1. Can you name every one of the strands (runs of 3 or more DSSP E) wholly within the stretch 30-114 that holds 2 or more residues which are within 18 Å of residue 182 (Cβ to Cβ)?
2. Taking the conditions exactly as written (at pLDDT 95 or above and surrounded by 19 or more Cβ atoms within 10 Å (Cβ to Cβ)), does residue 200 satisfy them or not?
3. Taking the stretch 79-105 as the region of interest, how many residues are under 14 Å from the mean Cα position of the chain (by Cα) and either within 11 Å of ligand 1 (Cβ to nearest atom) or exposed (fewer than 14 other Cβ atoms within 10 Å of the Cβ) (or both)?
4. For residue 16, indicate whether it is at pLDDT below 95, on the phi < 0 side of the Ramachandran plot and either touching a strand residue (DSSP E or B) at 6+ places or on another chain (Cβ under 7 Å) or in a loop (DSSP other than H, G, I, E, B) (or both).
5. Which of the following residues is within 25 Å of residue 68 (Cβ to Cβ) and more than 16 Å from ligand 2 (Cβ to nearest atom): 176, 184?
6. With the checklist (1) surrounded by 14 or more Cβ atoms within 10 Å (Cβ to Cβ); (2) within 11 Å of ligand 2 (Cβ to nearest atom) in hand, flag the one item residue 76 doesn't pass.
7. What tally of residues in the stretch 169-193 results from selecting those that are at pLDDT 90 or above and not in a loop (DSSP other than H, G, I, E, B)?
8. Looking at 115, 168, 123 in this structure, which one is outside the structural domain of residue 227 (by TED's automatic domain parsing) and closer than 26 Å to residue 58 by Cα?
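The values are calculated or read from the model by the stated rules, or taken from the named source; none is laboratory data. Note that the structure is a prediction, hence the values are computed from the model and not measured. Don't worry about glycine lacking a Cβ; one is built from the backbone with ideal geometry, like all the others, and counts go over all protein chains shown.
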Ligand SMILES: Nc1ncnc2c1ncn2[C@@H]1O[C@H](COP(=O)(O)OP(=O)(O)O)[C@@H](O)[C@H]1O
Ligand SMILES: [Mg+2]
């Protein structure tokens, strides 16, 4: 697949500076009259791992719904390259959406189908490929996530970590340009969670996809993030943007620092003989 960025570079755009893949501009998000977040402005660059973080209920999943074209902004724009999603025709919206791979929180596999059938589903929906070819691609994607040989298993026969990886294989079925994940490591033990992080990194490196992840797992954030945005529920807007390691060390906002220093603050409190109640 040839990319526009392979051609002559744009003026003022150095070779080391990747192009903007997703641009969120003046975005307000609301359910009816109920405002969730306002004035969101940030850019996700092609090929980076971008983290959406913030406390429970601040609007992270809602932002993801806006980024995958499931929810229309109350105000503002979501652009892919220079294309404004909500000003595009239905056909163009479909074309943009086909480039998205989505890993849902639960993995969201069909329990009555085998893993190979689950992973082949997007191919059946969006391509005219023959069943044998779909099966071949499903096997290939399963091998990518370490599930070779599990084609004919059902979701109930494998572990939670394996189900997440199967969900990831399905999200990658159509070779997406952008992979979206909502709390991918939720419910996983630390080792499975690490494996999933490594896998996401590998897929980004080998396939060159842009990756957008909602998570509040610090280990995961510091292990894989290139860039991040922090949503705040109280002020209903973003209060930090940038490399989370830099934010952890340099942010002057106490809410951002508290969030990113959670583990260390907890450990310090325990060491200092801090209250260990309940
Ligand atoms: N379909 C919906 N209708 C109305 N309010 C919703 C809906 N989904 C979520 N909300 C509310 O929007 C806020 C943000 O939700 P969500 O994006 O799921 O937060 P997060 O993913 O950060 O935990 C919450 O207060 C939630 O109750
Ligand atoms: Mg959520």
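1. Details: elements: 34-45, 49-53, 75-80, 100-103.
Fully inside the stretch 30-114 and qualifying: 34-45, 49-53, 100-103.
2. no
3. Filtering the stretch 79-105 for residues under 14 Å from the mean Cα position of the chain (by Cα) gives 99-105.
Add one more test, that the residue is either within 11 Å of ligand 1 (Cβ to nearest atom) or exposed (fewer than 14 other Cβ atoms within 10 Å of the Cβ) (or both), and what stays is 105.
Selection size over the stretch 79-105: 1.
4. yes
5. Details: 184 fails: more than 16 Å from ligand 2 (Cβ to nearest atom).
After ruling out the rest, the residue left standing is 176.
6. So residue 76 meets the others, but not (2).
7. 8
8. After ruling out the rest, the residue left standing is 168.
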